[in-house]
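Q: Just dropping this structure here.
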Amino acid sequence: MGHGLLQGKKGIIFGALDHKSIAWKVAERCVEEGAQIVLTNAPVAMRLGEINELATKLNCEIIPADATSIEDLENLIIKSQEILGGKLDFILHSIGMSINVRKKKDYTDLNYEWMKTTFDVSAISFHKVLQTAFKHDAINPWGSVVGLTYIAAQRTFPDYSEMAESKALLESFARSFGYHYAKKANVRVNTISQSPTVTTAGSGIKGFSDFFSYADKMSPLGNASSDACADYCVSLFSDLTRYVTMQNLFHDGGFSSMGMAPEILED
């Protein structure tokens, strides 16, 4: 049952691919809390995923958009306001992709053209979304933009490859653009550093299942689920967190504060 935390608010959700996606869960929770939303994803992802099923379930529209394309993003921002009947109140950026990871390229033997694509899709797209919304004055005062990240931005996880640098860049954009957006329109920009989560994208990382188990033991509260992450996103989209901005917020059951857990030593 919802509590009306987002009643009357309007937003865009990037990245809902299938029912395992965090963005899928966020979309469901936003609507449950009273929001009107538009779903978007890259055209190729839409063909491979189940986003139409989600749109039918939530009675919302889909606008295909390549998040690396300014033209696509401008169309998305303009049309979303037309569909929703006004300015936006929140945006979720849940986008990440590495061809090097998919092709199992070792970190010391990366394809640099693929790396550029990784940075563009996984991080620079966040700046492009923010800049497009900024230029079109598309977000209401006290609105909120959230990007999903991971602790590999601060610590070394060898098999996460150049996605680690992507997340570090994403977090930096949140701080830097967060300043400008706060000064212009009191818009908040934050990133959520989520626990390892069983998603279609995450499960493709080498050794994911073993690391998921390790992180679960290392975290005093255990790994945060995608449903719990959706709840956290709702709190950041709501008026209850009006003065939280330019932050990287760890949503990981305490993993980020741990040095060693007795359970790991016992194993």
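Q: For segment 232-266, enumerate the residues that are of a type outside the set (S, T, N, Q), in a loop (DSSP other than H, G, I, E, B), on the phi < 0 side of the Ramachandran plot and under 16 Å from the mean Cα position of the chain (by Cα).
A: ASP252
Q: If only one of ASP252, ASP239 is in contact (Cβ under 8 Å) with a residue 12 or more places away in the chain, of a type outside the set (Phe, Trp, Tyr) and crowded, with 18+ Cβ neighbours inside 10 Å, which one is it?
A: Going through ASP252, ASP239 in turn, just one is in contact (Cβ under 8 Å) with a residue 12 or more places away in the chain, of a type outside the set (Phe, Trp, Tyr) and crowded, with 18+ Cβ neighbours inside 10 Å: ASP252.
Q: Are any residues in segment 121-157 within 19 Å of ILE78 (Cβ to Cβ) and without any contact (Cβ under 8 Å) to a residue 24 or more places away in the chain, and if so, which ones?
A: Correct list: LYS135 only.
Q: Check ALA174, ALA185, ALA152 and return the single one that is surrounded by 16 or more Cβ atoms within 10 Å (Cβ to Cβ) and either in contact with a helix residue (DSSP H, G or I) (Cβ under 6 Å, 6 or more places away or on another chain) or closer than 15 Å to THR118 by Cβ (or both).
A: ALA152
Q: Looking at segment 91-121, which of the residues that are assigned to a helix (DSSP H, G or I) and β-branched (Val, Ile, Thr) is nearest to LYS10 (Cα to Cα)?
A: VAL121
Q: While we're looking at this one, here's another question. Being out of contact with any Cys (no Cβ under 9 Å at 6 or more places or on another chain) and surrounded by 23 or more Cβ atoms within 10 Å (Cβ to Cβ) is the filter here; which residues of segment 1-13 pass it?
A: Passing the criteria: LYS10, ILE12.
Q: Output the residue which, of all residues in segment 138-185 that are more than 14 Å from the chain's Cα centre (by Cα) and β-branched (Val, Ile, Thr), is nearest to SER209 (Cα to Cα).
A: THR156
Q: While we're here: For segment 122-148, give me each residue that is in a helix (DSSP H, G or I) and not polar (S, T, N, Q).
A: Hits for segment 122-148 are ALA123, ILE124, PHE126, HIS127, LYS128, VAL129, LEU130, ALA133, PHE134, LYS135.
Q: So, of the residues in segment 246-267 that are within 23 Å of THR191 (Cα to Cα) and hydrophobic (A, V, I, L, M, F, W, C), which turns out to be modelled with the lowest pLDDT?
A: MET258
Q: Taking ILE78 and the conditions (1) in contact with a His (Cβ under 8 Å, 6 or more places away or on another chain); (2) closer than 22 Å to THR199 by Cβ; (3) surrounded by fewer than 20 Cβ atoms within 10 Å (Cβ to Cβ); (4) of a type in the set (A, V, I, L, M), which numbered condition does it fall short on, given that it satisfies the others?
A: Single failed check for ILE78: (2).
Q: Scan ALA45, ALA27, ALA55, ALA67 and give me the residue that is among the aliphatic types (A, V, I, L, M), surrounded by 15 or more Cβ atoms within 10 Å (Cβ to Cβ) and part of a loop (DSSP other than H, G, I, E, B).
A: ALA67
Q: Looking only at segment 97-112, decide whether some residue is under 17 Å from the mean Cα position of the chain (by Cα) and closer than 26 Å to TYR181 by Cβ.
A: Checked against the condition, which is being under 17 Å from the mean Cα position of the chain (by Cα) and closer than 26 Å to TYR181 by Cβ, segment 97-112 yields at least one hit.
Q: Select from segment 1-58 the residues that are over 25 Å from ILE139 (Cα atoms) and among the aliphatic types (A, V, I, L, M) and write down the one among them that is modelled with the highest pLDDT.
A: Residue satisfying both the conditions and the ranking: VAL44.
Q: Test LEU169 against the criterion of being assigned to a helix (DSSP H, G or I), in contact (Cβ under 8 Å) with a residue 12 or more places away in the chain and either closer than 18 Å to THR156 by Cα or touching a Lys or Arg at 6+ places or on another chain (Cβ under 9 Å) (or both), and give yes or no.
A: yes
Q: Any chance you could count how many residues in segment 1-29 are touching a strand residue (DSSP E or B) at 6+ places or on another chain (Cβ under 6 Å) and within 14 Å of LEU84 (Cα to Cα)?
A: 5
The values are calculated or read from the model by the stated rules, or taken from the named source; none is laboratory data. Worth saying up front: this structure is predicted, and the values here are computed from it rather than measured. Don't worry about glycine lacking a Cβ; one is built from the backbone with ideal geometry, like all the others, and counts go over all protein chains shown.
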